[in-house]
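**Student:** Below is the structure I would like to discuss, written out as structure tokens.
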Amino acid sequence: MRAAFYEGNRKISVGACRAVDPSPGQVRLRVSHCGICGTDLHLFHGNMDHRVTFPQVIGHESSAVIESVGDSIGDWRVGDRVTVRPLDPCGECAACRRGYGHVCQKLKFIGIDAPGAMQGLWTVPAHTLHRLPDVLSLRDASLVEPIAVACHDVRLGEVHAGEVAVVIGGGPIGALIALVARHKGARVIVTEINPFRIALLRKIGLEVYDPRETDIAALVQAETREAGADVVFEVSSSPQGAELMTKLPGVRGRVVMVAVFPKPVAVDLHKFFWREMRLIGTRVYEPCDFDEAIDLLANTNVPFRDLITDVYPLDGLEKGLLQMEQGADVMKILVDCCI
């Protein structure tokens, strides 16, 4: 069994997996696949080195089979097919006491603050597990975690059938938000500047525009008879996206902040006052979002799988990170942790 280690300084090494026997309340997984996430790219860039114990196994978009179990793990058994909700809250802080463990004040994100899924054998708390139905392949099931992000964002954005939703940024998370919102019955408009992503999203039936070529605000006004969008998702992490997001909603429209902005940017707060708009922050997911993601992936025809463009062995993790960094012709890259 092998593992991929982030060594710091934009270096990934692949070596022997450091298997850990499960303690009470833990299980050890034989990992099948793991998606490469934008968070992994931030790690690769060194932006989270203060949270990492080197060398660190990264990755958190996983599918796996239980290989061994510790005591006190409930009804989990060896051989169960699972995915991992990679959050380990403290259970004691103010957020946890209110039932919001996903925004725990001392949250450990597995794959950053603790070893992640880019390894053959991975030991995790049993409370992080979600059961996978047999109809889902382990390859496809590695999409559950990012779909859960989209389910959380769409749920907090209160998207309803018949509404107009705009997604600013058509990368993997933006694409998944668009697909989930469309499944809810909304008309979805996506903005994206990468030609490969534009072509891929149009191929799966999404309405996509390049904001350098189309005046998105004018388009939304025309398409809604000047009513404006009902909900806008900012997923681009760009100053241009932060500027555009306030131009699109109508009266009492919602702006959902999905992207992470490392530095403050200018936002037209007057629009929120003038139109009684709402700004909604979203962070990761809750258990119900994982349950919904599994159901959507297993039991609907939403084309989530069409976003997978590449599957690499562990040795290909650094290549995948560099492709993402360079804006190459990729959308969702998976790592096969078995090869």
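**Student:** Please report the antiparallel percentage of DSSP beta bridges with both residues in region 73-188, rounded to the nearest 5. Don't skip to the end; give the middle numbers.
**Tutor:** Numbers: 5 of 8 bridges.
Counting DSSP beta bridges with both partners in region 73-188, the antiparallel share is about 60 percent.
**Student:** Sort the following peptides by mean Cβ neighbour count (other Cβ atoms within 10 Å, averaged over residues), highest first: 283-296, 98-111. Write out the running numbers ahead of the final one.
**Tutor:** On the way: 283-296: 19.5, 98-111: 16.4.
The densest-packed peptide leads the list: 283-296, 98-111.
**Student:** Continuing with the same structure: Only counting other Cβ atoms within 10 Å, I'd like M245, M277 sorted with the fewest neighbours first.
**Tutor:** Taking fewest neighbouring Cβ atoms as first place, the list is M277, M245.
**Student:** Just rank Y6, Y209, fewest to most, by other beta-carbon atoms within 10 angstrom.
**Tutor:** Working: Y6 28, Y209 18.
The order, fewest Cβ neighbours first, is Y209, Y6.
**Student:** Relative to the compact globular guide of 2.2 N^0.38 Å, what is the alpha carbon radius of gyration of region 81-211, as a ratio? Please list the in-between numbers first.
**Tutor:** Values: Rg = 17.3 Å, N = 131, 2.2 N^0.38 = 14.0 Å.
Dividing the Cα radius of gyration by 2.2 N^0.38 Å gives 1.23.
**Student:** What's the center-to-center distance, using Cα atoms, between region 142-190 and region 82-111 in Å?
**Tutor:** So the separation of the two Cα centres works out to 24 Å.
**Student:** Restricting the count to DSSP beta bridges whose residues both fall in the chain, what percent are antiparallel, rounded to a multiple of 5?
**Tutor:** Counting DSSP beta bridges with both partners in the chain, the antiparallel share is about 55 percent.
**Student:** Where Lys and Arg each count +1 and Asp and Glu each count -1, what net charge lies around T300 among other residues with Cβ under 15 Å from its Cβ?
**Tutor:** Computed value for this residue: -2.
**Student:** Could you give me D for the chain, from Stokes-Einstein at 20 °C and 1.002 mPa s, where the hydrodynamic radius is the Kirkwood radius over C-alpha pairs? Units µm² s⁻¹, please.
**Tutor:** The diffusion coefficient I find is 104 µm²/s.
**Student:** Would you tally the net charge around I12, using a Cβ to Cβ cut-off of less than 13 Å, leaving I12 out, and scoring K and R as +1, D and E as -1?
**Tutor:** Net local charge, I12 excluded: -1.
**Student:** Can you pull the percent of Cα pairs in region 276-329 with separation above 17 Å?
**Tutor:** When every Cα pair of region 276-329 is considered, 65 percent fall beyond 17 Å.
**Student:** Under 1.5 on a/c is rounded, so check that first for region 148-281, then, if it is not, pick prolate when a/b is larger than b/c and oblate when it is not; a ≥ b ≥ c are the square roots of the alpha carbon gyration tensor eigenvalues.
**Tutor:** In terms of gyration-tensor shape, rounded.
**Student:** Okay, next question. Order of C151, C37, C96 from fewest to most other C-beta atoms within 10 Å?
**Tutor:** C96, C37, C151
**Student:** Here's another thing I want to ask about it. So if I take the alpha carbon set of region 151-191, get Rg, then get Rh from the Kirkwood formula, what is the Rg over Rh ratio?
**Tutor:** My calculation of the ratio gives 0.91.
**Student:** Quick one: what Rg and Dmax do you get for region 216-339 from the alpha carbons, in Å?
**Tutor:** When restricted to the Cα atoms of region 216-339, Rg and Dmax are 18.5, 56 Å.
**Student:** While we're looking at this one, here's another question. Can you classify region 1-156 as rounded, prolate or oblate using the Cα gyration tensor, where a ≥ b ≥ c are the square roots of its eigenvalues, rounded means a/c under 1.5, and otherwise it's prolate if a/b beats b/c and oblate if not? Could the numbers behind the result be given before it?
**Tutor:** Working: a/c = 1.29, a/b = 1.05, b/c = 1.23.
Note, shape of region 1-156 comes out rounded.
**Student:** Follow-up. Report, in degrees rounded to the nearest 10, the 0 to 90 angle that the Cα long axis of helix 287-299 makes with the longest principal axis of the chain.
**Tutor:** In the chain, helix 287-299 runs at an angle near 90 degrees to the longest axis.
**Student:** Search the structure for amide H atoms under 5 Å from the amide H of L132, placed 1.01 Å from N in the peptide plane, and list their residues when 5 or more places away or on another chain.
**Tutor:** HN-HN under 5 Å from L132: R81, V82, T83.
Only the coordinates and a few stated rules stand behind these numbers; no lab work does. These figures come from a predicted structure and were not determined experimentally. When we count neighbours, we look across all protein chains shown, and the Cβ atoms used for this are built from the backbone with ideal geometry, even at glycine.
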